[in-house]
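Reading through the structure tokens given below for one structure.
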């Protein structure tokens, strides 16, 4: 797909309109366009007439729209949930930048090949601000489409243009994906060009586009599976050429370097803290949380948001937080990291629980990709090496990162990803450090270029309200935790009976029931 073999890098319509000659090599987008319904081809051709750089034009359009929304915090209802449109546009901008970056890195990549879908995206963004019905019906789909256009620019370079064993299968699947993307865009333009009176019902259109997005997701999943198979094959070939003794020496050296890096960044055993709480959690408890509307809304939100879990001492906040983290980790991936910190555990196990340690620990979780293979993000490691070198020259210590520096690194590493940050018992931090930490967290949450969801837990008797204005509050009350408390009391009574700590283990069911009711009445949500 070299730029030298193309006859048109600023715009493509149908293949018949290109006047192909023997020297023209069609791109996958060209081929996908050939397979579209002729009416959709004509519609797409009408929006693809810009003689300049389409990708720069669509980026300018998205930035303009985002700026116009910066002060409005305009929201739309998508899938029954309120979404801040500024945040959706921020994600679209990130995907456009990601697409441009592929062109900067891969010299064989021809960004003009994808001018057709980008021209359609630009057209749809132009009408976005003038039609609220349009926003609710398709803006989420546009974000998904821009993500796929950007992602598969890299996939083409890595897999389609390479001589892999599964080349033909991957190419066929990518082609099918492109057909569905162009169909989605063309059908959206067709729908919104009609007058209001001629438009079909919004529900019918949303259903049709929903099916398109399902097909896009299906093709994406299948392609990723094929790509993994290719990666596995390549790794096997590489391993055959590696001498084991050399590999062992390199691993040992990397291990030493890795330990030095961790000692510099953060030594807090955050995983051990979580494992302890997760194991202590009584099976069957905390299930009410997954059906609470406030948690469900926060959990499914596609924009930055903050959920504040608050309750009295002993109300089970840490158990709930561990359940939230387990829930999030089940579906997390490299594109949606889950970062967490238990303030009470850090303070109780010799760690200095302050804003510095929290932010450094969060950055460590984002930086260390694989502790078994000592794989870390190179940029942060280079920062450590620079500071280490300066320390050696000055015969001093290696300066550690300050909270605001951690914030900048986290923001930089999250440019193309979503993230979830969970911090338990934030009130355990001294008040001055607590305010410093909250300042950094709010900075991340309010960064228009990021999508960061946060959950913080604390006791009721704190002065956090001034910092958490606008946060969704979930206050633990007896009405919410009654079932958990009943199960916990029953467990404690059973344990006491089994261990013969209660009436030598001899107790009838009536008295046991009366005893459990007595404790439950006096628990008051604890």
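Data for the structure
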quantity: Residue among 313, 363, 320 that alone is touching a strand residue (DSSP E or B) at 6+ places or on another chain (Cβ under 8 Å), surrounded by 22 or more Cβ atoms within 10 Å (Cβ to Cβ) and in the same structural domain as residue 402 (by TED's automatic domain parsing); calculated: 320
quantity: Within region 468-492, considering residues that are surrounded by fewer than 19 Cβ atoms within 10 Å (Cβ to Cβ) and in a loop (DSSP other than H, G, I, E, B), the one modelled with the lowest pLDDT; calculated: 477
quantity: Condition met for residue 59 (out of contact with any strand residue (DSSP E or B) (no Cβ under 6 Å at 6 or more places or on another chain), at pLDDT 85 or above and on the phi < 0 side of the Ramachandran plot); calculated: yes
quantity: Criterion (modelled with pLDDT of 50 or more and out of contact with any strand residue (DSSP E or B) (no Cβ under 7 Å at 6 or more places or on another chain)) met by exactly one of 5, 9, 25; calculated: 25
quantity: Every pair of residues 6+ apart whose Cβ atoms lie under 7 Å, when the first sits in region 292-317 and is under 21 Å from residue 449 (Cα atoms) while the second is surrounded by fewer than 16 Cβ atoms within 10 Å (Cβ to Cβ); calculated: 300/81; 301/81; 307/294
quantity: Given (1) modelled with pLDDT under 90; (2) assigned to a helix (DSSP H, G or I), number of the condition residue 449 does not satisfy; calculated: (2)
quantity: Options 442, 421: the member that is over 16 Å from residue 301 (Cα atoms), modelled with pLDDT of 90 or more and within 22 Å of the chain's Cα centre (by Cα); calculated: 442
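The values are calculated or read from the model by the stated rules, or taken from the named source; none is laboratory data. This is a predicted model, so every value here is computed, not measured. Heads up, the Cβs are rebuilt from the backbone with ideal geometry, glycines too, and the neighbour counts pull from every protein chain shown.
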